[in-house]
Each structure stands twice: as structure tokens, then as C-alpha cells.
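Notes follow the structure.
Here, each number is a calculation from the coordinates, and none is a lab measurement. Computed from a predicted model, the values in this text were never measured in an experiment. Methodologically, a virtual Cβ is constructed for each residue, glycine included, from the backbone with ideal geometry; neighbour enumeration extends over all protein chains shown.
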Amino acid sequence: MFFGIIIRMYYQEHAPPHFHAEYQGQRGVFDFDGNLTKGNFYSASAKRLIKQWATLHRGELAQNWDNARREETLFQIAPLD
């Protein structure tokens, strides 16, 4: 969680690799480049922050995706400062 944005990744998700984000009632699915692929995110600033965070942590997102697919522990990823 950072700047009120909640990031989640779920076990047994469908491909392609992605994560879920929520901010003030807005929900979306994002790829690991931080691009909105599905949902109703209207806040440009929240989307910009999510993209920045995803770009910084792409490797960690990929590792957590692999862990989730193997039903192993997901690791917390640092928020934006």
C-alpha cells in the first residue's frame, strides 16, 4: 500500500501476469509495466504512481507471480516513498 493505493496479487490467477490495484473505490488490473488492462481507474495521478511503482519493482512482481503460481509465499514489495 502506498499513497492510499492498495496493491494485491492472488494465488491461482489467470495469465498474463498482472496485479490488482484499488484506490478510492476505483479498481483495476495492471500488467507488470504498470499499464491498466482492465477496470475503472479514473485518477490519472494514481495510475501514474502505479506505473512508477510497477516499473521500479517489475522483477519482484515477476517473482511473486511465479511464487503464486507455485502456491508459495508472496513477499511484500516496498511502497513508493
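The residue pairs whose first member lies in region 6-35 and is farther than 16 Å from residue 56 by Cβ, whose second member is part of a loop (DSSP other than H, G, I, E, B) and acidic (Asp, Glu), and whose beta carbons are closer than 6 Å, counting only pairs six or more residues apart or on different chains, are 11/71; 18/31. Within region 8-22, the residues that satisfy the criterion of being assigned to a strand (DSSP E or B) and either in contact with a Leu (Cβ under 9 Å, 6 or more places away or on another chain) or loosely packed, with under 12 Cβ neighbours inside 10 Å (or both) are 8, 19, 21.
Considering only region 38-50, state which residues are under 26 Å from residue 12 (Cβ atoms), surrounded by 11 or more Cβ atoms within 10 Å (Cβ to Cβ) and without any contact (Cβ under 8 Å) to a residue 40 or more places away in the chain. Once the filter is applied, which keeps residues that are under 26 Å from residue 12 (Cβ atoms), surrounded by 11 or more Cβ atoms within 10 Å (Cβ to Cβ) and without any contact (Cβ under 8 Å) to a residue 40 or more places away in the chain, region 38-50 yields 38, 39, 41.
Can you name every residue in region 65-81 that is surrounded by 11 or more Cβ atoms within 10 Å (Cβ to Cβ) and under 25 Å from residue 25 (Cα atoms)? Once the filter is applied, which keeps residues that are surrounded by 11 or more Cβ atoms within 10 Å (Cβ to Cβ) and under 25 Å from residue 25 (Cα atoms), region 65-81 yields 65, 74, 77, 79, 80. Only residues that are of a type in the set (Val, Ile, Thr) and part of a loop (DSSP other than H, G, I, E, B) were counted in region 50-79, giving 2. Scanning region 23-36 for residues being in a strand (DSSP E or B) and over 23 Å from residue 70 (Cβ atoms) gives a total of 5.
Restricted to region 55-74, and to residues that are of a type outside the set (A, V, I, L, M) and under 13 Å from the mean Cα position of the chain (by Cα), which residue is nearest to residue 34 (Cα to Cα)?
Taking region 55-74 first, the residues of a type outside the set (A, V, I, L, M) are 55, 57-60, 63-67, 69-73.
When the remaining residues are screened for being under 13 Å from the mean Cα position of the chain (by Cα), the result is 55, 57-60, 63-65.
Values: 55: 7, 57: 10, 58: 9, 59: 13, 60: 13, 63: 16, 64: 15, 65: 15 Å.
Top of the filtered list is 55.
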